[in-house]
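Colleague: Input: one structure, supplied below.
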Amino acid sequence: MLTRIISGAVAVVILAVVLYFHNTIVLPIAVSIIIAIMLFELLRAVKLHKCIPILCAVELYGICLPFNTLANIPPKLLKSGLPYTELNIINIVYANRLFSFRLFIITAFVIFLTWLCNHKTIRYEQTFFTLAVMLLVPHAMSTILLIEKTNHSNGLFLLIMGLCGAWIADTGAYFTGVAIGKHKLCPEISPKKTIEGFIGGIVTTGIVYAVAFSINSGEFKLSRILLTFILGVVCAVIGTIGDLTASMVKRQVGIKDYGKIMPGHGGLMDRFDSVLFVIPTFYVFISTFNIL
């Protein structure tokens, strides 16, 4: 338990430093490092981490994507501090997709060529799993940069709330489950999760979101409270799905944790599994609705 607490405290300090320098190159560098580690852990889970061509190609794709996302934000828009307009978002997404698609084609070519050359040792399940996580992890985590740049004055707040959308639900579910949890949610995938804990996590996230967004805006409007409560509920549900999905992969490949980089917690995939699903959902929501 002590190891877990110390490891968690160190992670919080590192996160605080990164968030403090959120408007510098520190944030994309941190996102790239997280992506690289998560991809390595996932490749190791399916025993492809020692295949150098696939490892290098996937890691290169993952590391480049956050910087590409940042680079495609118009400089004038960054300097002006204005929020994105619909046209700006379309231009950014188009430029980002074009570069990403080119890089993806090259990476996919390397993966398939390596598979063909090593067809006796590499199975199709490993190949297509690699392609899936190569798309999911970098694109989902790079959304962090888009969230931070969505609003000049509230970018940091939105980023923190996006991350909290995954972690608050987990904390709320844990304490509720310990207190009153009796009915298992998915015993074969995650034996410790309970239905009561799941509901507790949903309610906790909804309340925290409603209060936090109201305090940030300086007024308690019923429409904002309802909208942000719904956002919290959605994030909690999506986060649980992400957590269970990552746990299911671990069960099927026969591992306990994705890594050991965080003693007592496991790997970064063990900590960011729900974030992978929550962050894109959060970004879509705040881009669709005016909640500030």
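The values are calculated or read from the model by the stated rules, or taken from the named source; none is laboratory data. What you are looking at is a predicted structure, and each value in this text was computed from that prediction instead of being measured. Because the Cβ atoms are built from the backbone with ideal geometry, glycine has one as well, and the counts that use them run over all protein chains shown.
Colleague: Taking the stated definitions as given, is GLY206 assigned by TED's automatic domain parsing to the domain that holds LEU222, buried (at least 20 other Cβ atoms within 10 Å of the Cβ) and over 20 Å from the mean Cα position of the chain (by Cα)?
Modeller: Details: assigned by TED's automatic domain parsing to the domain that holds LEU222: yes; buried (at least 20 other Cβ atoms within 10 Å of the Cβ): yes; over 20 Å from the mean Cα position of the chain (by Cα): no.
Here the answer is no, as GLY206 does not meet what is asked.
Colleague: Any residue at all in region 54-73 that is more than 24 Å from the chain's Cα centre (by Cα), at pLDDT 90 or above and not charged (D, E, K, R)? Walk me through how you get there before you give the answer.
Modeller: Our first condition is that a residue be more than 24 Å from the chain's Cα centre (by Cα); within region 54-73, this holds for none.
No: region 54-73 contains no residue that is more than 24 Å from the chain's Cα centre (by Cα), at pLDDT 90 or above and not charged (D, E, K, R).
Colleague: Go through (1) over 29 Å from HIS22 (Cα atoms); (2) crowded, with 19+ Cβ neighbours inside 10 Å for PHE213 and report which single condition fails.
Modeller: All conditions are met except number (1).
Colleague: Also: Answer yes or no: is there a residue in region 194-205 that is in contact with a Cys (Cβ under 7 Å, 6 or more places away or on another chain), in contact (Cβ under 8 Å) with a residue 12 or more places away in the chain and not aromatic (Phe, Trp, Tyr). Break it down into steps so the answer makes sense when it comes.
Modeller: Pass one, region 194-205, residues in contact with a Cys (Cβ under 7 Å, 6 or more places away or on another chain): 205.
The next check asks that each one be in contact (Cβ under 8 Å) with a residue 12 or more places away in the chain; those that pass are 205.
From what is left, the residues that are not aromatic (Phe, Trp, Tyr) are 205.
Yes, because at least one residue in region 194-205 is in contact with a Cys (Cβ under 7 Å, 6 or more places away or on another chain), in contact (Cβ under 8 Å) with a residue 12 or more places away in the chain and not aromatic (Phe, Trp, Tyr).
Colleague: Can you work out which of the residues in region 261-292 that are in a helix (DSSP H, G or I) and of a type in the set (A, V, I, L, M) is farthest from ALA132 (Cα to Cα)? Give the derivation first.
Modeller: Step one: of region 261-292, the residues in a helix (DSSP H, G or I) are 268-288.
Now restrict to residues that are of a type in the set (A, V, I, L, M): 268-269, 275-276, 278-279, 284, 286.
Working: LEU268: 18, MET269: 15, VAL275: 17, LEU276: 13, VAL278: 17, ILE279: 18, VAL284: 21, ILE286: 26 Å.
Ranking the qualifying residues of region 261-292, first place goes to ILE286.
Colleague: Looking at (1) assigned to a helix (DSSP H, G or I); (2) out of contact with any Phe, Trp or Tyr (no Cβ under 8 Å at 6 or more places or on another chain); (3) at pLDDT 90 or above; (4) not β-branched (Val, Ile, Thr), which is the only condition TYR258 fails?
Modeller: (1)
Colleague: Would you please name the residue that is surrounded by the fewest Cβ atoms within 10 Å (Cβ to Cβ), looking only at residues in region 26-52 that are touching a residue at least 12 places away in the same chain (Cβ under 8 Å) and more than 18 Å from the chain's Cα centre (by Cα)?
Modeller: LYS47
Colleague: Does region 248-261 include one or more residues that are buried (at least 21 other Cβ atoms within 10 Å of the Cβ) and in contact (Cβ under 8 Å) with a residue 40 or more places away in the chain? Spell out the reasoning first.
Modeller: Quick first cut of region 248-261, residues buried (at least 21 other Cβ atoms within 10 Å of the Cβ) only: 258.
Within this subset, residues satisfying the condition of being in contact (Cβ under 8 Å) with a residue 40 or more places away in the chain are 258.
Scanning region 248-261 turns up at least one residue that is buried (at least 21 other Cβ atoms within 10 Å of the Cβ) and in contact (Cβ under 8 Å) with a residue 40 or more places away in the chain.
Colleague: What is the one condition in (1) under 21 Å from the mean Cα position of the chain (by Cα); (2) on the phi > 0 side of the Ramachandran plot that GLY254 does not satisfy?
Modeller: Every listed condition holds for GLY254 apart from (1).
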